[in-house]
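Written out below as structure tokens is the structure these notes cover.
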Amino acid sequence: MQMRRTTVAIAAAAGVITPALADPFIDFAFNPAQSGFEGTLSLGVETSGSLIGDYDPDTNPGGTRTKPGLFGSFGPTENVPVPVDFGVDIGGPATASISGSMRLAFNAEGDTVRVSGYTAAWGPGSISLPATLSLDPDSFRTRSPDSTFPGVPVSLPIGEILLSDLSMVQVGDAAAGTLTSRAGGFDYQVTVPVLLFGTATLFGQTIDIPGVPLAIPLDGGVDIEGDDAVLFSQRSFTQDGGAAPGLQLPTFPLDLPTVLPPGETASLLFSLELENILFALSGTQTLVSSGVVIPAPGAGVVLPLAGLWLVGRRRR
């Protein structure tokens with residue numbers, strides 16, 4: 001049978017307290033029913049490459065053909081790639097639950113905390129957000145239909161884009177922060193460097209978000225009673241970051257409305273390289289969890305209570 005004993009050591013005026021102890025720690029698993037994010041989210045995708053008509057002499061002889069430039073000859077079977085910059089801006093309100101975990105080590109005497117192993121997965125399911133397509137091609141002409149595209153930037157709303165499997169994973173060494181002792185526990189502030197991963201479904205293609213660096217601030221408190229600990233963290237923040245993956249995307253089809261004259265549709269194929277991903281968050285993150293304090297071998301857990309130092313020890 002396990003018994004607990006709490007020894008109260010009154011701190012003398014000379015500052016004689018228990019010797020310095022190794023840092024205890026708590027492993028927290030976030031409760032998704034009480035943990036989450038509410039705010040706005042935006043994702044920008046920047047690519048460059050080429051577009052070409054979907055004409056094929058064997059399988060699609062009546063398809064659209066393209067050729068760079070506004071004037072000149074256009075042979076009956078010509079279909080020439082046109083340089084293009086292609087971007088998608090996704091953004092809007094976002095609400096998600098959060099599951100995940102982290103280890104929080106603390107030193108009440110040194111007023112420090114360290115966070116390691118932070119992971120946060122957003123759910124449930126996908127987030128649907130409105131998106132706008134931006135095109136900046138060189139000037140070009142088409143056949144089937146006959147049209148001229150004068151090479152000016154074009155923005156088109158393209159409906160909803162799905163963001164899925166969003167998650168954050170801590171990188172680097174344990175993140176150090178500050179601790180403020182109080183009766184029954186402590187408050188803390190720490191900023192955790194993470195990489196954000198996920199996928200975006202765009203024009204039937206799945207685009208991986210390949211690790212966007214962000215810095216997530218965690219402010220909150222930990223209440224400790226015996227060996228049991230409860231964490232509550234809530235912080236409003238704005239964060240943005242970017243990555244330059246340099247990935248070749250699969251070729252995908254996209255129909256564009258004609259410009260001169262308007263009223264018809266050109267069927268095009270896009271071959272693009274993913275150059276930049278820009279990600280931004282603005283809102284409030286809440287984390288709620290419970291755990292058990294794990295002391296270092298032979299060490300106690302030192303917490304202040306009403307001017308006294310409580311040293312919680314286990315004895316079998």
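FYI, it's all coordinate maths here, none of it is from the lab. Bear in mind that the values here come from a model prediction, so they are computed numbers and not experimental data. Glycine gets a Cβ as well: all are built from the backbone with ideal geometry, and neighbour counts include every protein chain shown.
FRET efficiency for the E160 to F74 pair, using the beta carbon distance and R₀ = 41 Å, is estimated at 0.65.
Of P83, P153, P137, the residue with the greatest mean-square motion in the GNM of the chain, using alpha carbon springs below 10 Å, is P153.
Could you pull out which residues in segment 187-222 have an amide N less than 12 Å from a spot 7 Å beyond the Cα of R235, following the Cα-Cβ vector? Only 188-194, 215-221 fall inside the zone, counting backbone N under 12 Å. What shape does segment 117-192 have by the C-alpha gyration tensor, where a ≥ b ≥ c are the square roots of the eigenvalues, rounded means a/c under 1.5, and otherwise prolate means a/b greater than b/c and oblate the rest? Prolate, because a/c is 1.5 or more and a/b exceeds b/c. In this structure the amide hydrogen of L218, modeled in the peptide plane, comes within under 5 Å of the amide hydrogens of V190, T191, V192, none closer than 5 places in sequence on its chain. Over the chain, calculate the relative contact order: mean separation of alpha carbon pairs under 8 Å at least 6 apart, over the residue count, as a percent. It rounds to 25 percent for the chain.
Within the set (1) 23.4; (2) 20.8; (3) 19.8, the number that Kirkwood radius over Cα pairs in Å takes when calculated for this structure is listed as (1). Phi-derived couplings, Karplus 6.51 cos²θ - 1.76 cosθ + 1.60 at θ = phi - 60°, listed residue by residue for segment 149-159: 10, x, x, 10, x, 10, 10, 9, x, 10, x Hz, with x used for Gly and Pro.
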